[in-house]
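The values are calculated or read from the model by the stated rules, or taken from the named source; none is laboratory data. No experiment lies behind these values; they were computed from the predicted model shown. Cβ atoms come from the backbone with ideal geometry, glycine included; neighbour counts cover every protein chain shown. We work out accessible area using only protein heavy atoms, side chains counted, and drop any ligands, DNA or RNA first. Shrake-Rupley method; radii C 1.70, N 1.55, O 1.52, S 1.80 Å.
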Amino acid sequence: MKFEEFDRYSENMLMAQYDISEIITHELMKGEIREDFLISTLESCSEPKPSFVKGTLSDGIKDAGQLDILLCRPHAHLRKLGTQCCVRKEDALCVIEVKGNCTGTDLKKASKKAIVIRDLQGQRAPLYGIVCYRVALELKTIMKRFGFSFDGENKTYFDNATIPNELEENWLSIKYPDLDFFVSLEDEKKLFLRKYEMQPGKFRFVRSVREPIIQELFSMIQSLWVTSNQGPAI
């Protein structure tokens, strides 16, 4: 389909830009360039363009430290300091951490950062997750850490929690329960994992099998942005 062709082009451009930017030896500058390119790609998912900034979240007393990409509500008060912004927690819809080669340590740090954001004062907390170009973990390891078992016979992943009448003691534990999503663009490890509430107070992750993977990222950003545009923040 034509739409899939354009989305696959966007995904391929992201990966190509990642590879090309490897010639830059200054790590901070390289990261900034990759974040800017990802922002420009995600902006194409809606018109008017979603409001993306870099900076931090704050409740006016504490802040969450440096964050890579923030999707803000329309008409949010963005307090700018150079190219960085200090954004009220209530004005953020989503926070994206961008990783070149995501490690287990990166995932652990991100999960802790999610707690810091959640604990800031305010009624609403933004979605928080990772978008990475490469993953320094095996696919089986990643899936297991997000609660999925592997069926060796059928070569598929499944979550015991979705099996009818399966005892909760047989569910695999989730190593990063405070993350809301995890996206990997790497070939052979393409993943879009999104947290959902399966029962009141019980959360699991669902894996999207739609490709290109970037379609799911576009859909998530567009849904957050369009819904927020439909009326004033509550």
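Brief remarks follow.
- In this entry, residue 209 passes the filter for residues that are at pLDDT below 90 and open to solvent by 40 Å² or more (accessible area, probe 1.4 Å).
- Only residues that are outside any loop (DSSP other than H, G, I, E, B), aliphatic (A, V, I, L, M) and touching a strand residue (DSSP E or B) at 6+ places or on another chain (Cβ under 6 Å) were counted in segment 126-139, giving 4.
- Considering 168, 211, the condition of being acidic (Asp, Glu) and either in contact with a His (Cβ under 9 Å, 6 or more places away or on another chain) or over 17 Å from residue 146 (Cα atoms) (or both) is satisfied by 211 alone.
- Among the residues making up segment 159-175, those that are more than 21 Å from the chain's Cα centre (by Cα) and surrounded by 10 or more Cβ atoms within 10 Å (Cβ to Cβ) are 160, 161, 162, 163, 166, 170, 171, 172.
- Test: residue in segment 110-120 that is open to solvent by less than 40 Å² (accessible area, probe 1.4 Å) and free of Cβ contacts under 8 Å to residues at least 60 places away in the same chain: no
- Pair list, Cβ under 8 Å, 6 or more apart: segment 145-158 residue more than 16 Å from residue 174 (Cβ to Cβ), other residue open to solvent by 60 Å² or more (accessible area, probe 1.4 Å) and part of a strand (DSSP E or B): 151/158; 156/150
- Subset tally (residues that are open to solvent by less than 60 Å² (accessible area, probe 1.4 Å) and among the aliphatic types (A, V, I, L, M)) for segment 1-51: 7
- When restricted to residues that are in a strand (DSSP E or B) and open to solvent by less than 20 Å² (accessible area, probe 1.4 Å), segment 57-76 contains 7.
- The number of residues in segment 77-115 being within 20 Å of residue 138 (Cα to Cα), in a helix (DSSP H, G or I) and not hydroxyl-bearing (Ser, Thr, Tyr) comes to 6.
- Which numbered condition residue 142 misses (of (1) more than 27 Å from residue 57 (Cα to Cα); (2) among the hydrophobic types (A, V, I, L, M, F, W, C); (3) open to solvent by less than 40 Å² (accessible area, probe 1.4 Å); (4) assigned to a loop (DSSP other than H, G, I, E, B)): (4)
- Matching residues, segment 169-211, being of a type in the set (Lys, Arg), in a loop (DSSP other than H, G, I, E, B) and over 20 Å from residue 10 (Cα atoms): 175
- Residue within segment 147-164 that is β-branched (Val, Ile, Thr), in a strand (DSSP E or B) and under 29 Å from residue 47 (Cα atoms) present: no
- Taken over segment 86-97, the criterion of being of a type outside the set (Lys, Arg) and either touching a Pro at 6+ places or on another chain (Cβ under 8 Å) or surrounded by fewer than 21 Cβ atoms within 10 Å (Cβ to Cβ) (or both) is satisfied by 86, 90, 92, 93, 94, 95.
- Single residue of segment 38-56 satisfying the filter (part of a strand (DSSP E or B) and not hydroxyl-bearing (Ser, Thr, Tyr)) that is nearest to residue 222 (Cα to Cα): 52
- Neighbours by Cβ (under 6 Å, 6+ apart or cross-chain): first from segment 168-183, within 11 Å of residue 195 (Cα to Cα); second part of a loop (DSSP other than H, G, I, E, B) and not aromatic (Phe, Trp, Tyr): 174/147
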